[in-house]
1. What value in Å³ per residue do you get for the convex hull of the alpha-carbon atoms in segment 296-428?
2. Counting each DSSP H run of 4 or more residues in the chain as -39500 (n - 2.57), what helix-only mean residue ellipticity at 222 nm follows after dividing by all residues, to the nearest 500 deg cm²/dmol?
3. If you filter segment 143-218 for trypsin sites (Lys or Arg not before Pro), then keep DSSP loop positions with at most 16 other Cβ within 10 Å, what is left?
4. With r defined as the distance between the Cβ atoms of Asp235 and Ser391 and R0 fixed at 22 Å, what FRET efficiency is calculated, to the nearest 0.05?
5. Which residue, Pro316, Ala268, Tyr282, has the largest displacement toward the positive end of the dipole of segment 251-320 when charges sit on each Cβ (Lys, Arg +1; Asp, Glu -1)?
6. Taking the number of other C-beta atoms within 10 Å as the exposure measure, put Leu168, Leu111, Leu262 in order starting with the fewest.
7. Of Thr329, Thr315, how do they rank once you tally other Cβ atoms within 10 Å and put the fewest first?
8. Taking N as the number of residues in segment 256-361, what value does Rg over Cα atoms divided by 2.2 N^0.38 Å take?
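No value in this document is a laboratory result; all are computed from the given coordinates. Since the structure is predicted, the reported quantities are computational estimates derived from the model, not experimental observations. Here the Cβ positions follow ideal geometry from the backbone for every residue, glycine too, while neighbour counts run over all protein chains shown.
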Amino acid sequence: MRHRVVITGMGWVTPLGHDIETAWRHLLAGKSGVAPMRNFDARSFPTTFAAEVKDYRFETDTAHAEKHKSISRATYFVLDAARQAWNQAQLPTPGSAESQKLSPYEIGIYLGSGEGSLDFDTFTQTAIRNWNREQGQLDMVGWGREALASFDALREIEQEPALPINHLSIEFNACGPALNCLTACAASTQALGEATELIRRGDATIMISGGAHSMIHPFGVTGFNRLTALSTFNDDPQRACRPFDATRSGFVIGEGAGVLILENLSHALERKVPILAEVVGYGSSADAYRVTDQHPEGRGAVMAINEALKDAGLTPADIDYINAHGTGTKENDSTETHAIKAAFGQYADKVPISSIKSMMGHLIAAAGAVEAITCVLTLRDQILPPTANYSVPDPECDLDYVPNKPRAARVNAVMSNSFGFGGQNDTLIIKRYVP
C-alpha cells in the first residue's frame, strides 16, 4: 500500500525573516535579504556581500540546552525552524503525557544539511601567533602545541554534516529513520523527496525534513569565488542576483534553514490537524557530466522533471507554477530554461516561473526546503512570488519569469526544481490537498 503524504507544519530561518509570515511578506514585496557581509571581514575578497540571517537570537525553548551548547550556526537555525514546524503541526511536546500516544520510532528525520562552520578564528589566530618572521615560515611545533591546547572536541565534531539530525533527534525524541544527504544545492529537495518515500512505504508516520547550511565564512566564500560562481556586483548588492536576466553574473551566497513536517495522511486525519498541502511527485537524477556543472543540454534535469510528473500522475498542462532553481549564473539559468522547454514542450511558455534566490540568496543545501515552503505558501495564498532584478531579456531565457512583481493566479499544482553542483537534479511536485 502506498500512503499519501501531506504537509502539516513548516518553519524557516532565512535572510528575509525568522518566521513564515515575515519572510513571505518580504518575498512578495520584492525585498532583498542581501547586504554587506557581517559574519566576517570580507573587504579583501572579490565578493563583499551575502544574504545573511540578520539580528538572530536562538530563543527556542529547550530542555536540552547543555547538549546543544557547541552547535554550529546552521544547527541553531534548523532547531528553530523545526520547532516552528512542530508547533504548527500541533504535535505534542516531547515527554508530555500526550506525546505517549505517538511512538518515537514512528518519527523520522531526513535533512539535507551542509558541513558546520570551521573554527576559522582559532586556526588563524594560533597560526599568526606562531609565525616566525625571521625565517618567514610557520613554527609548526609551536603552532601544534597551541592548537592542541585550544582544541575543542565537541566544536570539531559539530563540523560534520550529519550532526544536525542528532540534535533534532534529541530535541523531538525522534527515534525512527535518521538520514542526511549533502548533494550540494539539491540536498534538501532530495531529503524531502526521500522522506516522502519513507512515509509512502510505511517506514515512518511522520518525517521532520528539510535542510540547513551556512557557508558564509572565509573558506566557503573563497571556494565559490575561485569557481567564479559568485556575483561580484559590490556596488549594488541588492541587485547582484539577476536570474534569467541577460546581465546576470553569478549567485549570492546565503544561509538559513527550512523544515517541513511530512505526515501519513491517515495519521493527520486521525489527529484532525489542518493539512497545508500534499506531496504528490518526486524525481531524481544525476548528470554524470562534470564536478561543478550540469550537462549543458540539461539532460538530467529533464529526467528529474519527467520522473516527478510521472510519479504524480500529472502532465505539464497540470502544473500551474514552477519555483525555479534560478541561481543567477549564466550556465544554470540557460540550462534550466532549456530543460523546462524540453520537458514541457508546448506548455513551456504558458507556465509561470520565478526564482526567489533573487531576493533570498542561495541557501545552498537549505535552498530546496525554503523553496518548497514557498510553493506551499503560493498554493495557500494563490499568488506567485516574483523574480526580482529582472530588466534585460536574454534570448536564451525566453519564458515567463514573473518579473519584479507578484502575480495573483489560480494555482493547484506547483513544481520546485533544485539542481546541484556535480549534476544532482531533484524535482518535487506539491498540490493543494483534496480529500
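1. Each residue corresponds to 98 Å³ of Cα convex hull volume.
2. That calculation yields -9500 deg cm²/dmol at 222 nm.
3. Working: sites: Arg145, Arg155, Arg200, Arg201; in loops: Arg201.
Passing sites in segment 143-218 are Arg201.
4. The calculated FRET efficiency here is 0.85.
5. Ala268
6. Values: Leu168 26, Leu111 32, Leu262 29.
The most exposed by this proxy come first: Leu168, Leu262, Leu111.
7. Numbers: Thr329 22, Thr315 12.
So the ranking, lowest neighbour count to highest, is Thr315, Thr329.
8. Working: Rg = 16.1 Å, N = 106, 2.2 N^0.38 = 12.9 Å.
Dividing the Cα Rg of segment 256-361 by 2.2 N^0.38 Å gives 1.25.
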